[in-house]
Structure formats: C-alpha cells, structure tokens
C-alpha cells in the first residue's frame, strides 16, 4: 500500500523555513513572463536572463515589436537559450495569435476563466502544460499549479504521491493546499530551489532540509 513520507503542507513549511521567500517570477511585465516561460524550456534560467537582457537592450521586449521583428534577428537575441530557432518561431506565433485574436493585448486572454484560458494556451504551437501553467500563474495571476521536472523528481524521492504524470500531479497539489496564488508561486519556486541545490539527478543529501524524509537518503544508509 502506498504511504507518503511527508504531506504537501509539511513540504512547503520545511522548504520555506530553509530557503525563505523566493520572490519568483523575476519579470517587470506580464509579457516578460510569457517570453521567459517559452525561453526557459529545456534550459537553465541564467541562459534565459541573457536572452531577456538582449531583448531589453535592443528595445524589442514588446509584443508588437517581436511580431514585426525579422525571425533571424529574434533568433540571434535569444540564442543563449538553446533551441533558439524553434523558440523564436514559438514566440512569434504567440505574438501573432494575441495580435489577431486580442488586438495585441494580453488582457483579453487573461480575463478568461482559468480552465478556458489554459485550453486555449495549450492549443498554441510549443505551449505545453508547464509553460501554460507558468503563464497563467505568473503572468495572468490566476491559480494554476506549475509542475516541472524538479517537482516530479522530488515527489518520487519523497514518495509524496504514486502518480507522477503531469495532470494527476497538478491535481494532487491543487487539492492538497489552499487555492492561493501566492502560495502556488512560492511553493513552485521553493521546489525549484530544492531541486537546483540538493535534489539533483544525482542527489546531494548532505545538509538537505528533507534528507531524513527522502527515499534516496534512507535507502543509502
């Protein structure tokens, strides 16, 4: 019979006590969040920061400007993120969609009911569940818990739940914690911090705040 080693609420408390508030997502505008959510696919955030800086320094971090920017130039600006040709097409596609369907304003999309907005985002080329939920939570400011590779790895090692597929795991968190935008943001950011510092592919259990709760630690003793 499956038995969790820790509850989501306990996990949140442990992580918050250890890391403190993360103030995530780092962006000045909702559109910057959208761009970052696309660019961070399959790459570390430090690379996304370089690309964002390129866009800002060239004064093109704007929906209409990216729409009108030659594809080749956009590729150069976002090259630090890897898969830059693919990501450039995705960014231009999203911008073109918002321009045609919402007169270039994200507000029209973000004013939609959450599940409807999510369905619409998922219908766009290159927007998967993690990217869609990141946009909804951090740009649209609506409750939609974000699941990433760190979340799946940590849940497996802590035996938090036995179903690690995206949608069941998202539903698990949303049914286990208060439907609170700030809690969702903080929890996701704390999970990422744990994953980057300790719960790597090869876990670094020493000094981890959750080592005694973790399968990787207990099985290695």
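The values are calculated or read from the model by the stated rules, or taken from the named source; none is laboratory data. What you see is a predicted model; the values in this text were computed from it and never measured. As a convention, Cβ positions derive from the backbone with ideal geometry for all residues, glycine included, and neighbour counts pool all protein chains shown.
When 179, 141, 186, 156 are screened for being part of a helix (DSSP H, G or I) and modelled with pLDDT of 95 or more, only 186 passes. For segment 167-205, the tally of residues that are without any contact (Cβ under 8 Å) to a residue 60 or more places away in the chain, crowded, with 16+ Cβ neighbours inside 10 Å and farther than 21 Å from residue 135 by Cβ stands at 4. Only helices (runs of 4 or more DSSP H) whose full extent lies in segment 65-124 are considered here, and the ones with at least 3 residues that are under 20 Å from the mean Cα position of the chain (by Cα) and free of Cβ contacts under 8 Å to residues at least 40 places away in the same chain are 84-102, 114-122. Please verify whether residue 31 is modelled with pLDDT under 95, surrounded by 16 or more Cβ atoms within 10 Å (Cβ to Cβ) and assigned to a helix (DSSP H, G or I), treating the condition exactly as stated. So residue 31 fails the test. Each residue in segment 149-166 was checked for being over 23 Å from residue 44 (Cα atoms) and surrounded by fewer than 17 Cβ atoms within 10 Å (Cβ to Cβ), and 3 of them qualify. Consider residue 69 against the criteria (1) at pLDDT below 95; (2) farther than 25 Å from residue 8 by Cβ: it satisfies all of them except one. Which criterion is unmet? Condition (1) is where residue 69 drops out. Taken together, 164, 158 contain a single residue that is out of contact with any strand residue (DSSP E or B) (no Cβ under 9 Å at 6 or more places or on another chain) and either touching a residue at least 40 places away in the same chain (Cβ under 8 Å) or within 17 Å of residue 15 (Cα to Cα) (or both), which is 158. Of all the numbered requirements in (1) more than 20 Å from residue 41 (Cα to Cα); (2) at pLDDT below 95; (3) touching a helix residue (DSSP H, G or I) at 6+ places or on another chain (Cβ under 7 Å), residue 199 misses one, and that requirement is (1).
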